[in-house]
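First the structure, in the form of structure tokens, and then the observations on it.
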Amino acid sequence: MSSNCRKSIQNESDILRAIVGFSSDAILIVDEKHSILTVNPKFESLFAVEKSQLIGKKMIDYENEWFNGKITSSLLDKRKPNVFSFTYKSTAAGTVTVIPLTIEESQAKYFICLINEAMELYERANKDTPHNPYLDLNSQDVQMKELIKTLEKVALFDTTILLYGESGTGKGLLARYIHQKSKRNHEPFIIINCAALPEHLLESELFGYTDGAFTGANKKGKIGLIEAAHMGTLFLDEIGELPLNIQAKLLHVIQDREFTPIGETKSKKVDIRIITATNKNLKKMVMRNEFREDLYYRLNVMDVKVPPLRERKSDIVPLANYFLEKFNGKYEINRRIEENVYHFFEEYQWPGNVRELENLIEKLVVVSDDVIMIDHIPANLQEMEIVIPDDTPVTSFDESLEKLERKIIMETYHRFKNSRKVAEFLKISQSRAARLIRKYTPSS
């Protein structure tokens, strides 16, 4: 094998290791003898274990604890990917995808286990509860202040709440905040993402099942998340993705506070509060017969719109600092943000809302050195749309052109602070860029 080929393989190996390390899914890799080869940091965090303690150990020694049953014989020996659900110590739950992989040159077989937390379970809301940015920040935005005041009042009553708004606005954080402020705050707060699981798994996870209810069912049966939330709060995220047949069953739970596990003949009573969230227009879905009208009105007793981040500009910088502190702590470093990066944050439209801001801050923390600078912002985000304000009075043609030119130069210079970068962005010569900057920003 040539040195270039070996170097290419080594580089590819390094890239794959980096991807596994930064993956948001927990990853476990097992060889054909069912020995654990490696796990990533997310796996260590999820199952509270250290990689050094696992390498070389047999999968069979841990799978009952991690995955509610033996997967070695039933899944790892098969030739095609398999997916199954799990619940771990009432602290986490989701799906495990087991993918068989053969390296052709050596015929070595490996099994990649991707653990996706479709649901997050917290046995006690006041135990290991993640920080809530809305609490820590004391939001500066008038809309958010009013919204939080409303939620604090509503939290005291067991009424059903529907949170709606664009994806990534923080509906899940607000659902947790409602639970924390409620009389149920010492009881379970259980989350399930209705869009994250296939229909057959979603039904069994919600309602549970009895011994032998279906092929592949745990021999001991399993309690569902509705039952696990007894006395606490059940948060159904992406409720618009709930299949119609499960909508009917959920309606029964809301109306009668009882449910029937799969394979069971008798119903069970349950005392829970239900909070739902969606980024879809449920009313239009009702009109298209995609969502049950009776369920819609049951869920919509109290509806709360969560505003997008672009409509609450005063929260952008505090949120950015909150996430900066979070990821500085996570990676044990001390990055800081350059002032013109904050200006960019305030001008950017944030189509992905708070989630996009959080993800961007983590990326910037990872790729930067000591200071996060404007150069670290991905180029596709720095592309901006220049628009003449609607209230700009149109006088003469030349004067209007000059106003637009001034606006473009001032905005680009405010962002890049540098005539060379302004020239590159506007695709003009640097001398022309420098002349226009002097014309419209004399202090520069």
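Taken together, the values in this text are just the output of simple stated rules run on the coordinates, not laboratory data. In this text, all values refer to a predicted model and were calculated from it rather than measured experimentally. Here the Cβ is made from the backbone with ideal geometry for all residues, glycine too, and neighbour counts use every protein chain on show.
Given just the C-alpha atoms of region 146-267, how large is their convex hull per residue in cubic angstrom? If you can, show how the numbers build up before the last one.
Details: hull volume 13.8 nm³, N = 122.
Residue-normalised Cα hull volume stands at 113 Å³.
If each of residue 399 and residue 195 carries a label point 7 Å out from its Cα toward its Cβ, how far apart are those two points in nm?
So the two model labels end up 4.9 nm from each other.
Just for the Cα atoms in region 268-317, what are the lengths along the principal axes, largest first, rounded to whole Å?
47, 32, 14
From the phi of every residue in region 185-198, what ³J(HN,Hα) in whole Hz does the Karplus formula 6.51 cos²θ - 1.76 cosθ + 1.60 yield, where θ is phi - 60° and glycine or proline is x?
In residue order, the calculated couplings are 5, 9, 10, x, 10, 10, 10, 9, 8, 5, 8, 8, 10, x Hz.
Using a simple spin-label model with points 7 Å from Cα along the Cα→Cβ vector, what separation in nm is obtained for residue 230 and residue 285?
Result: 2.9 nm between the two label points.
So what are the ³J(HN,Hα) numbers for region 411-420, from phi and the Karplus equation (6.51, -1.76, 1.60; θ = phi - 60°), rounded to whole Hz, Gly and Pro as x?
So the J values, rounded to whole Hz, are 5, 5, 5, 4, 7, 9, 6, 7, 5, 5.
Which cross-chain or sequence-distant (5 or more) residues have an amide H under 5 Å from the amide H of residue 189, H modelled 1.01 Å from N in plane?
122, 125, 233
Determine the gain in length on full extension of the stretch residue 429-residue 173; use 0.36 nm per residue of separation and subtract their C-alpha separation, reporting nm with one decimal.
87.4 nm
In terms of modelled amide H atoms, which long-range or inter-chain residues lie less than 5 Å from the amide H of residue 26?
115, 117
With θ set to phi - 60° and the Karplus curve 6.51 cos²θ - 1.76 cosθ + 1.60, what are the ³J(HN,Hα) couplings of region 311-327 in order, to the nearest whole Hz, using x for Gly and Pro?
Per-residue couplings from phi come out as 9, 9, 4, 5, 8, 5, 5, x, 5, 4, 5, 4, 5, 4, 4, 4, 7 Hz.
In vacuum, with every alpha carbon of region 280-423 counted as one equal point scatterer, what does the Debye formula give for log10 I(q)/I(0) at q = 0.09, 0.11, 0.15 Å⁻¹? Two decimals, please.
Results for region 280-423 at q = 0.09, 0.11, 0.15 Å⁻¹ read -0.46, -0.63, -0.88.
Using 0.36 nm per residue, how much length does the chain from residue 252 to residue 150 gain when fully extended, once their Cα-Cα distance is taken away?
Values: separation 102, 0.36 × 102 = 36.72 nm, distance 2.79 nm.
Here the answer is 33.9 nm.
Measure up 42/330; 417/439; 183/283; 153/305; 149/269; 171/313 against 23 Å on the Cα-Cα distance and list the ones that go over.
Details: 42/330 12 Å; 417/439 15 Å; 183/283 31 Å; 153/305 16 Å; 149/269 32 Å; 171/313 18 Å.
Correct reply: 183/283; 149/269.
When the chain is fully extended, how far beyond the present Cα-Cα distance does residue 29 get from residue 82, taking 0.36 nm per residue of separation? The partial results should precede the final answer.
Numbers: separation 53, 0.36 × 53 = 19.08 nm, distance 1.46 nm.
This chain segment gains 17.6 nm when fully extended.
Considering only DSSP states other than H, G, I, E and B, which GluC sites (Glu not before Pro) in region 218-291 qualify as loop sites with at most 14 other Cβ atoms within 10 Å? Don't skip to the answer; put the middle values down first.
On the way: sites: 227, 238, 241, 258, 264, 290; in loops: 238, 264, 290.
Listed in order of number, the matching sites are 290.
With a point put 7 Å past each Cα toward its Cβ, work out how far residue 60 is from residue 310 in nm, to one decimal.
For residue 60 paired with residue 310, the spin-label model returns 5.7 nm.
Please work out the ratio of the alpha-carbon Rg of region 292-331 to 2.2 N^0.38 Å and round it to two decimals.
Relative to the 2.2 N^0.38 Å estimate, region 292-331 comes out at 1.94.
When Lys and Arg each count +1 and Asp and Glu each count -1, what net charge do the other residues less than 13 Å away from residue 333, Cβ to Cβ, add up to? Walk me through the numbers on the way to the answer.
Numbers: positive: 326, 330, 335, 336; negative: 325, 332, 362, 369, 370.
Net of charged neighbours comes to -1.
For region 319-380, what size does the Cα cloud have along each of its three principal axes, sorted from largest down, in whole Å?
30, 21, 18
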